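J.: Here's a structure for you.
The values are calculated or read from the model by the stated rules, or taken from the named source; none is laboratory data. What you are looking at is a predicted structure, and each value in this text was computed from that prediction instead of being measured. Every residue, glycine as well, gets a Cβ built from its backbone with ideal geometry; the counts of neighbours run over all protein chains shown.
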Amino acid sequence: MPNRTSGAMVASGAEGVERVTALLGGAQVFRRPPKTPLDAHDMLSDGMPSAALVRLFGNLGILQRSPSLEKAVGMSLRTFQRRKDTPTKPLSQEQGGRAWKFAEILAKATEVFGSQDEAERWLDRPAMGLDQRRPIELLTTPAGVEMVEDFLTRLEYGVYA
């Protein structure tokens with residue numbers, strides 16, 4: 001059942017940034033965890049630590065085994081393994097941005113579905129409102145990301161069509 005308490009995209013304010021930052025490892029990964037969307041922008045511009053991506057992958061359950069995860073975050077398993085070996089090396093702006101957006105959508109889906117487990121199941125299942133596409137597969141393009149975000153907002157407000 002959707003949670004309708006917030007009414008805004010999860011990462012649109014400080015509360016959302018904190019949820020996304022927590023998925024990425026929080027204070028254990030970031031010297032100065034972002035507190036606002038502008039802080040998040042600055043951190044992504046400077047290069048998000050590779051350890052954040054490692055932590056994000058480690059926080060996943062069902063999706064950790066999804067072949068679509070690599071495409072959703074824009075990084076092959078081999079590149080991820082190299083990044084895992086150099087946790088202090090920053091990600092490129094594109095890699096960090098894709099990882100941040102994935103975490104943002106996961107946080108939003110978790111809010112809407114009530115648990116991360118349910119959110120991950122939803123991301124990995126065909127969705128009627130997305131023409132039977134799996135949401136995780138749509139995260140490979142900005143247009144697909146927008147469709148998934150819009151659909152999550154409709155679910156949050158109970159507008160399924």
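J.: With Pro126, Pro90 as the choices, which residue is in contact (Cβ under 8 Å) with a residue 40 or more places away in the chain and touching a strand residue (DSSP E or B) at 6+ places or on another chain (Cβ under 7 Å)?
T.: Exactly one residue qualifies, and that residue is Pro90.
J.: Ala143 - would you say it is touching a helix residue (DSSP H, G or I) at 6+ places or on another chain (Cβ under 8 Å), at pLDDT 95 or above and at negative phi?
T.: So Ala143 fails the test.
J.: Also, quick follow-up: Can you work out which of the residues in the stretch 111-123 that are part of a helix (DSSP H, G or I) and free of Cβ contacts under 8 Å to residues at least 24 places away in the same chain is nearest to the chain's Cα centre (by Cα)?
T.: Across the stretch 111-123, the extreme among qualifying residues is Ala119.
J.: Every residue in the stretch 109-142 that is among the polar types (S, T, N, Q) and surrounded by fewer than 18 Cβ atoms within 10 Å (Cβ to Cβ), please.
T.: Listed by number, the residues that qualify are Ser115, Gln132, Thr140, Thr141.
J.: Could you say which residue among Arg98, Arg55, Arg19, Arg78 is modelled with pLDDT under 90 and part of a helix (DSSP H, G or I)?
T.: Being modelled with pLDDT under 90 and part of a helix (DSSP H, G or I) holds for just one of Arg98, Arg55, Arg19, Arg78, which is Arg78.
J.: Which condition breaks for Thr140 when tested against (1) in contact (Cβ under 8 Å) with a residue 40 or more places away in the chain; (2) assigned to a helix (DSSP H, G or I); (3) more than 11 Å from the chain's Cα centre (by Cα)?
T.: So Thr140 meets the others, but not (2).
J.: Moving on. Answer yes or no: is there a residue in the stretch 84-94 that is assigned to a helix (DSSP H, G or I) and surrounded by 15 or more Cβ atoms within 10 Å (Cβ to Cβ).
T.: Scanning the stretch 84-94 turns up no residue that is assigned to a helix (DSSP H, G or I) and surrounded by 15 or more Cβ atoms within 10 Å (Cβ to Cβ).
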